[in-house]
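The values are calculated or read from the model by the stated rules, or taken from the named source; none is laboratory data. Remember, predicted model here, so these are calculated numbers, not experimental data. Ideal geometry is used to build each Cβ from the backbone, glycine not excepted, and the neighbour counts take in all protein chains shown.
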Amino acid sequence: MPFTDFWMAMETWPLSMRIGESAWFPLLESLHVVGATFVVGSILMIDLRLLRLAGREHALSRMMRDVVPWTWGAFILAAVTGLGLFITRASAYVENRAFQIKVLLLLLAGVNMLLLHRVTLRERERLDSGESRSTAAQMAGACSLVVWIGVIVAGRWVGHLS
Amino acid sequence: MTDMLGALARSIAASPAHDGATYLLGNVPGLPPIVQSVHLLAVAALMGSIVLLDLKVLGLALPGQSLPDLTRRLIPWTWWALPALVLSGLPFVLARPHRYLANPVFGIKLALLVPALVLTFTMQRWLPREDSKHAALPWFAALSLVLWLGIVMAGRWIAYADYLFEGE
């Protein structure tokens, strides 16, 4: 694993040791769960709308404008707390297969989000009406659902692999 | 109280349900993390429903949606999430009853559930009405938010409280 020395050094930072040896770890971990589950829960509403399975009478752009800021906030909470957890055992996490998959899925989720923004901007009126289909939007919605659920499952698996 | 819980744990440990749960969790590859993931996805459903609704009532989120309409669409997710949470949690309690019943954090989690469910049920009846401008609503929503988030966080802390108690 590249940068082994760097990951191991990270674990000896005062901050890493402070978190790892105190109640900060469980606190960060529970906030991490709150953030991550909120991201998935809020995105679910958007994804179901994209797939035209729910809320078709509501304009997609309005729904996204209302929900996405909260999703972002929850994501930032999950990311910051995740970082705090990571540094305590960085070298172990980078070697953990489930963690590697989780990071990969997070990158995919990010790419999907960018694509989604482009698609919804380009096809705004069509999507808002809920009448016509957009294959791109539906695929983005389906991918989003699968990838974010994958992040949660991979995250849970991290603790089960040593 | 501790005697009652101890007796309950012992009777669960002597039951066939315990044997079944222990066998399944120990022998089906990947079952524990899979069942826990179901539990987490059900938590996500709670976040996307009752938690979002509470934020809406507090005027913090979703300004563009009407409250009665949003309630009608989201609340079913809360009620479906609850049996999923019970069913995904039960195998673990059955497999290691003493670990949970002797753990005060688990007790706190369940204790918080009672007012949370009462509040959710009450809000479900009030919110779908177009004229619901009851002065208590924002207080209910704030309390509901604190309770549900507290329950989720307590759920994660169960594992850490274990280390404070010797011998199980």
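Side notes on the structure shown:
- No other residue among A:VAL151, A:VAL103 is surrounded by 18 or more Cβ atoms within 10 Å (Cβ to Cβ) and at negative phi apart from A:VAL151.
- Scanning the stretch B:98-116 finds no residues that are under 14 Å from the mean Cα position of the chain (by Cα) and hydroxyl-bearing (Ser, Thr, Tyr).
- Among the residues making up the stretch A:76-94, those that are more than 13 Å from A:GLY155 (Cα to Cα) and touching a Leu at 6+ places or on another chain (Cβ under 8 Å) are A:LEU77, A:THR81, A:GLY84, A:ILE87.
- Listing of helices (runs of 4 or more DSSP H) fully contained in the stretch B:1-114 that carry 2 or more residues being more than 14 Å from chain A (Cβ to nearest Cβ) and in contact with a helix residue (DSSP H, G or I) (Cβ under 7 Å, 6 or more places away or on another chain): B:2-13, B:16-27, B:67-95, B:97-101
- Scanning the stretch A:52-71 turns up no residue that is modelled with pLDDT of 95 or more and surrounded by fewer than 21 Cβ atoms within 10 Å (Cβ to Cβ).
- In the stretch A:5-37, the residue that is farthest from the chain's Cα centre (by Cα) out of those that are under 20 Å from A:ILE152 (Cβ atoms) and small (Gly, Ala, Ser) is A:SER30.
- Scanning the stretch A:71-100 for residues that are of a type outside the set (S, T, N, Q) and closer than 18 Å to A:PRO2 by Cβ yields A:PHE86, A:ILE87, A:ARG89, A:ALA90, A:ALA92, A:TYR93, A:VAL94, A:GLU95, A:ARG97, A:PHE99.
- Hey, A:PHE86 at pLDDT 90 or above, within 14 Å of chain B (Cβ to nearest Cβ) and closer than 24 Å to B:GLY155 by Cβ or not: no
For (1) away from chain B (no Cβ under 14 Å); (2) without any contact (Cβ under 8 Å) to a residue 40 or more places away in the chain; (3) of a type in the set (Val, Ile, Thr), each residue gets a yes or a no:
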| site | (1), (2), (3) |
| --- | --- |
| A:GLU29 | no, no, no |
| A:HIS32 | no, no, no |
| A:ARG49 | no, no, no |
| A:TRP72 | no, yes, no |
| A:THR81 | no, no, yes |
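- Scanning the stretch A:99-108 turns up no residue that is farther than 24 Å from B:GLN36 by Cβ, away from chain B (no Cβ under 14 Å), free of Cβ contacts under 8 Å to residues at least 12 places away in the same chain and not hydrophobic (A, V, I, L, M, F, W, C).
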